[in-house]
Amino acid sequence: MPVGLFRVCLLVITAIVNHPLFFPKENGTVPENTEEIIQKMKEREESLRLEQLRLEQEIADQEATQRALEEAAVVVEEGKEEKVRWDMWTALSMVIFLLIELWRQDFQEGNWQDIGGEEDDMAVLGKAFKGVALPDKAVLASFYEKRILGTTGDMARMREMVEGFADDLLEALRSVCNRDADMEVEDCMGVGSMYENWRVRKPFVCDLIVPFAPPEPYCFRCQTWCSGDSFPPDEQGYGTIKVCRADEDETGCICDKTKLGEDMLCLLHSQVSSTRPSSEMEDLLCFKNTQYLDADQVMKWFQIAVTKAWNRISHKYEFDLSFSLLDSPGALKIKFKSGKSVAFNLTPVVQYENSDVYFISHFPRSSLAADVPSSTHWFLTFAVYERRFIQLVSKTLPANACHVSCLQILSFLHGKQCSLTGPSGLTNYHLKTVLLHLLQACPSQDWAPEKLEARLQDMLKFLEKCLHEKKLYHFFIGNGKVPAELGFPIIFQRAEPLNLFRPFVLRRDIYRKMVDTFHEMLRNMSALINEYTVHIPLAHTNGIRKE
């Protein structure tokens, strides 16, 4: 116990002795170290404060940058949303516009033939026609009798003379041609206004078409724009004619599409017949390095053949024969020693399958095929069916019906107007197309002779409507109401309607000229008719009106 107390006391004494406060002089470095430490701590604190300020500044800059980026993103997003809304409204507007346009076209195409059944519809057509008064029935009747009937009396004798000479010329042509190498020429056919009895303007010109076929063993394979192949819009109404061997498959033999081995032969085609020299196809009047019939080559061949044929038979006739127009190789003129002349057109054509539709190389004196895509594209003519349709409908009309008279008067007035103001894009074929539409739409009794004035007004109003809409549809193409008695090919009835005014849509100068000529004709119509009409007493005129 005393020993333990002693140890405790010794430990307390030792601790007291070693405490630094009891020996300040011997431990004098402690205050100096403390000041250095404090100074360093202040410096460290200052550096930390500066570092904190720098970090806060960087954080503030980053926040500002981030805030600016967020604001820019918001602006861009709002712009995108605004653009999307604008694009959506634009697209919606375009869709609505297209739907309205498609509906309008479908409505017009679906009703393009329903044009003459209601007099009320006819009465409101045409702004330019308002205020134009046609001469009365007596003046029209006198004008037609004295001016038109008086100039058409010699047409029958002229047709007979031209057809007889053309048959003799073609017979001589067959004799000078090589039957084994040249084209085979068939008998000619008369088409157009001279054979439909409505031509009124001189000089009278007969239009004759001459079908021809290739020599054996070749044949023609025709393709039209409505046969399923893709044709551009500017090639509607055209087709191509491929020259093939008669024993050649229409789709082509597999030997033309597959490379046969050296030890394999095609049983259908020999090595000699499988490769056709280009000169052979050119002898068949094809375009260079192709199998497609070239209209220019055909016209050159036909012109040379006609010249040879005339040299063979010229001694039999007491007149001269020459080609009258450079741009129409088939335009011929007979010149008599008396100075008189007779003009006619002899144009080669190719028959479409077993129908009376023909591919024609060119249209004499016409702008229907003025812009042919190429010389291998042939225009289709339905002239034979047009003549048959007029003959068929004429049998159902009253005696002395006025349908031909309407076309003759309108053709005469249009020709006189063109002689005053120059030619326009409007042709006699357009006028005939208008008549064909009205013949199908109007009842038979509406074509009685006493209704000449009313029907003439219908033709003028309908033509003005077509000019305003820039749409005059071909009568046969796309017309499902063609009489079955004609035997018209169904492929053309099911085709899309062909707008004869389509070439004028993009050619505004020609269209403007055509419309101006038509309006001038309307304004000058009464003056032109009165100029060529014998004076009728007033009492006689009033008596006819009372009837």
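Here are the numbers for this structure:
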quantity: Rounded accessible area per residue of the stretch 459-527, 1.4 Å, Å²; calculated: 47
quantity: The stretch 436-441 - phi-based ³J(HN,Hα) in whole Hz, Karplus 6.51/-1.76/1.60, Gly and Pro as x; calculated: 4, 4, 5, 4, 7, 8
quantity: Three-way shape label, the stretch 347-471, alpha-carbon gyration tensor, a/c 1.5; calculated: oblate
quantity: Highest average packing first - 433-441, 391-399, 343-351, 53-61, Cβ atoms within 10 Å; calculated: 343-351, 433-441, 391-399, 53-61
quantity: Links that overshoot a 31 Å alpha carbon limit, given the list Lys481/Lys513; Lys416/Lys465; Lys146/Lys333; Lys300/Lys471; Lys337/Lys513; Lys146/Lys461; calculated: Lys481/Lys513; Lys300/Lys471; Lys337/Lys513
quantity: Residue-span extension gain [Ala527 to Glu186] - 0.36 nm each, minus C-alpha spacing; calculated: 118.0 nm
quantity: Carbon plus sulfur fraction of accessible area for the stretch 143-214, probe 1.4 Å, in percent; calculated: 44
quantity: Percent of Cα pairs exceeding the 18 Å cut-off, where the set is the stretch 150-230; calculated: 58
quantity: Of all accessible heavy-atom area on the stretch 411-523, the percent that carbon and sulfur account for (1.4 Å); calculated: 54
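The values are calculated or read from the model by the stated rules, or taken from the named source; none is laboratory data. What you see is a predicted model; the values in this text were computed from it and never measured. Note that we place each Cβ from the backbone using ideal geometry, even for glycine, and neighbour counts take in every protein chain shown. Accessible surface is based on the protein model in full, side chains and every heavy atom, while ligands, DNA and RNA are left aside. Shrake-Rupley method; radii C 1.70, N 1.55, O 1.52, S 1.80 Å.
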